[in-house]
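One structure below.
FYI, it's all coordinate maths here, none of it is from the lab. As the structure is a prediction and not an experimental result, all values here were calculated from the model. Ideal geometry is used to build each Cβ from the backbone, glycine not excepted, and the neighbour counts take in all protein chains shown.
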Amino acid sequence: VAGGEDCLWYVDRNGSWHPGFDCEFFTFCCGTCHQRYCCRDPLRLLTERQQRHCLAFSPKTIAGIASAVVLFIAIVTTIVCCFMCSCCYLYQRRQHLRTPLQGAEL
């Protein structure tokens, strides 16, 4: 690596957002998922791939995805139940619309 690596944006432990920044030539992006800085030690290098991994699997990201999936399942389940439960308005309306058509065929 020749240096001049970019530090991508990140969120620190307090939840504060920090914009990305460029490191000078012969310096590298170093640090952790929650704190980034430029340094000259290639052993401390935080590659862009590692930085993206921090963003993709942060606890807030996982919680957001899980919440969206649970909400989607709840909405689909509610709609399906409303069409199948006899006490629900959508079921009664569907049955009401079906009844005249069935009577006309007989």
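Using the average count of surrounding beta-carbon atoms within 10 Å as a protection proxy, the listed peptides 22-28, 40-46 rank, highest first, as 22-28, 40-46. Amide H contacts for Cys88 (H built 1.01 Å from N in the peptide plane; partners 5 or more residues away or on another chain; cut-off under 5 Å): none found.
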